[in-house]
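Let me begin by presenting the structure, written as structure tokens, before commenting on it.
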Amino acid sequence: MVRAFEPIGQYNITNNSLIAKELSCYAAEFDSISTEINRVIRECLVITAENVGLEFYEKIVGSPRNDLSTGIRREMLVGLMNLGVNDYTLSGILRFFQSLNFDCNILERPHIFDLYITPVSGTYTDTQKRYIISRAKDFLPCHLSFTIDFRQIAWSDYDNSNRTFAQIDAMNLSWEQFEQFE
């Protein structure tokens, strides 16, 4: 700011002059405003957003994922934003699920317009399962039915439980409750 006023020649700008002190106050405020403007610009772009910007975009497409690192959250949003109208293919659907941080295998059954989807690994909370299913309903074409099978138990596990069907039926549990029953 001092250099901007020097060519005018009308001001005595020495370190202790009143005008120098006034310019110093302006400069401090401009620096804080500049810092805030840079933060806003950074948060506006997914690739540089860190907090508020990521949450903003995540709310638009679903819900905030504060449980994940900033890098993974950015990758998920960029992946989702890169999906287009021609991405209703197997590879596009896989990219969609990757944008939800859900690695899965998909078995296509085109003769009945169905997808059978299984997670590759990991366990998911009930909230995460509902979120993934809800997002899939919003993304997948309406003519396709799909099942996301989160089960971690195999038929051999049921056989080895030493319970009869009558005993299991008497427990009055839904399949989801039964799968989590120990």
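The values are calculated or read from the model by the stated rules, or taken from the named source; none is laboratory data. None of the values given here were measured: they were computed from a predicted structure. Counting neighbours? That spans all protein chains shown, and the Cβs are built from the backbone with ideal geometry, glycine included. Just the protein is used for accessible areas: all its heavy atoms, side chains included, with ligands, DNA and RNA removed. Shrake-Rupley method; radii C 1.70, N 1.55, O 1.52, S 1.80 Å.
Each of G62, Q128, I19 was scored by the projection of its Cα onto the charge dipole of the chain, and the greatest displacement toward the positive side belongs to I19; charges sit on the C-beta of Lys, Arg, Asp and Glu. Measure out, as a whole number of angstrom, how far apart the alpha-carbon centroids of the stretch 27-48 and the stretch 86-118 sit. Using only Cα atoms to place each centre, the spacing works out to 40 Å. Considering only G79, Y158, N38, the residue lying farthest towards the positive end of the dipole of the stretch 34-182 is N38, judged by Cα position with unit charges set on Cβ. Using the Cβ-Cβ distance between E22 and T70 with R0 = 45 Å, the FRET efficiency computed as 1/(1 + (r/R0)^6) comes to roughly 0.65. Remark: the stretch 101-118, residue by residue, has Karplus-estimated 3J(HN,Hα) of 6, 10, 7, 8, 10, 10, 9, 8, 10, x, 5, 10, 6, 9, 10, 10, 10, 10 Hz, where x stands for each Gly or Pro and the curve is 6.51 cos²θ - 1.76 cosθ + 1.60 at θ = phi - 60°. Of all lysines in the structure, those lying under 24 Å Cα to Cα from K129, and not within fewer than 8 positions of it along the same chain, are K59, K137. Please list, by residue number, everything in the stretch 20-38 whose backbone N is under 14 Å from a paramagnetic label point 7 Å out along Cα→Cβ of N12. Under cut-off, by backbone N: 20-21.
On full extension, the segment bounded by F165 and H143 gains 4.4 nm, given 0.36 nm per residue less the C-alpha separation.
Over the C-alpha atoms of the stretch 70-178, the Rg to Rh ratio, Rh being the Kirkwood estimate, stands at 1.06. Per-atom-type breakdown for the chain gives carbon and sulfur 54% of the accessible area (1.4 Å probe, protein chains only). With the simple spin-label model, which puts each label point 7 Å out from Cα in the Cβ direction, the R109 to Y124 separation comes to 1.8 nm.
A convex hull fitted around the alpha carbon atoms of the chain yields 197 Å³ per residue. The charge dipole of the chain, taken about its Cα centre with unit charges on the Cβ of Lys, Arg, Asp and Glu (plus for the first two, minus for the last two), comes to roughly 360 debye. Shape call for the stretch 18-59 from the C-alpha gyration tensor, a ≥ b ≥ c root eigenvalues: rounded (a/c under 1.5), prolate (a/b greater than b/c) or oblate? The shape class here is prolate. For K21, a cut-off of 18 angstrom between C-alpha atoms picks up these aspartates and glutamates, skipping any fewer than 8 places away in its own chain: E6, E29, D31. Solvent-accessible surface of the chain, averaged per residue with a 1.4 angstrom probe and all protein chains in place: 70 square angstrom.
The string of couplings for the stretch 38-46 from the Karplus curve (6.51, -1.76, 1.60, θ = phi - 60°) is 4, 5, 4, 4, 4, 6, 6, 9, 4 Hz, one whole number per residue in order, with x for Gly and Pro. The dipole here belongs to the stretch 20-60: it is taken about the Cα centre, uses +1 on the Cβ of Lys and Arg and -1 on the Cβ of Asp and Glu, and is about 60 debye.
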